[in-house]
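Participant: Would you mind keeping the following structure in view while I ask a few things?
None of the figures in this text is laboratory data; all of them are computed from the coordinates on show. The model shown is predicted, which means the values in this text are computed figures rather than measured ones. Ideal geometry is used to build each Cβ from the backbone, glycine not excepted, and the neighbour counts take in all protein chains shown.
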Amino acid sequence: MNTKYHCTCSWRLLVIGTAMLLSACDSMPIKMGDESAKIVATGAAGGDASTNANTQLEKCSEPLGTLSLVENQQSEWFSVLTGQYKLPPTSNLLRLLVQQSNCFVVVDRSRAGMQAMSRERQLMDSGETRAGSNFGKGQMVASDFGLTPDIQFSAGNTGGMAGSLGGLVGGWGGALLGAAGSIHTREANVLLTLVDNRSGVQIAAAEGSAKKTDFGAAFGALFSGAGAGLGGYSNTPQGKVIAAAFMDAYNQTVKVLRNYKPQQVKGGLGKGGKLKVGN
């Protein structure tokens, strides 16, 4: 038997068999709470209780104050997040992390949340709500601190050269090189700043990062010849990397706040400071 022909047939049978096996998985029932679909922010939070929280999330024995999310939706990074990556606002993720940590009590200052509260007050004023609904003035809780997120995006393709070589070699050897050329490394670097809403003084700032090498595109390129585009099922979403980076930054924030001492300026804050100018 021709050895080259035998090897080629064996490769094709292996690829086709694997593709058929994985395609069959598509008919499996939906699994709620499947670990492979989760991001680092898992479980739920209610009051000071949380369930199924990530064990790596830093916790506090008691809240340090109330907190609102201040997300600059006019920034370039927000356009990339919601436009290019089709991801929801970061505030959705951070609210869960913050409440699960029990380090702050979260108050809603989003546009939709404020509109909902205003609508209920309008109904109260119009006399449409039941007696005793108590949506009058003096009910809202002040936000002691504002937490502002920021994202620096970066995504590299580590296999461009191999992809070019795959096209030159051809055959199954070229397919393997081309698959290697489809390997991507996704990474994200984020920043969180915590500001005192009464004074405008920055309380803390922390950087967070995460990185993930994505082999899914490689296997998708290898198996595409067998009629099964598997890359879409095994790719690591950029969203998971961003979520991990924010959890890293939030953990750093909590750690530094455990040793927090206010900065003092001789003579008092905002009263000239020590860097005097000449006459």
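Participant: Extending each Cα 7 Å along its Cβ direction at Lys59 and Thr148, get the distance between those two points in nm, one decimal.
Facilitator: 3.2 nm
Participant: Using a Förster distance of 51 angstrom, determine the FRET efficiency expected from the C-beta separation of Ala131 and Asn259, and round it to 0.05.
Facilitator: 0.50
Participant: Once you list every other residue whose beta carbon is under 14 Å from the beta carbon of Gln99, what net charge do they have if Lys and Arg are +1 and Asp and Glu are -1?
Facilitator: With Lys, Arg at +1 and Asp, Glu at -1, the net is -2.
Participant: Taking a threshold of 21 Å on the Cα-Cα distance, which of the pairs Lys211/Lys261; Lys86/Lys212; Lys59/Lys211; Lys59/Lys212; Lys212/Lys240 fall above it?
Facilitator: Over 21 Å Cα-Cα: Lys211/Lys261; Lys59/Lys211; Lys59/Lys212.
Participant: Determine, for each peptide in 262-275, 45-58, the mean count of other beta carbons within 10 angstrom over its residues, then list the peptides with the highest first.
Facilitator: Values: 262-275: 8.9, 45-58: 13.6.
Ranking the peptides 262-275, 45-58 by packing returns 45-58, 262-275.
Participant: Now, a different point. Just add up the charged neighbours of Leu64: K/R +1, D/E -1, any other residue whose Cβ is under 15 Å from the Cβ of Leu64.
Facilitator: For residues surrounding Leu64, the net value is 0.
Participant: If you add up the charges near Glu128, with Lys and Arg at +1 and Asp and Glu at -1, over every other residue whose beta carbon is less than 15 angstrom from its beta carbon, what do you get?
Facilitator: +1
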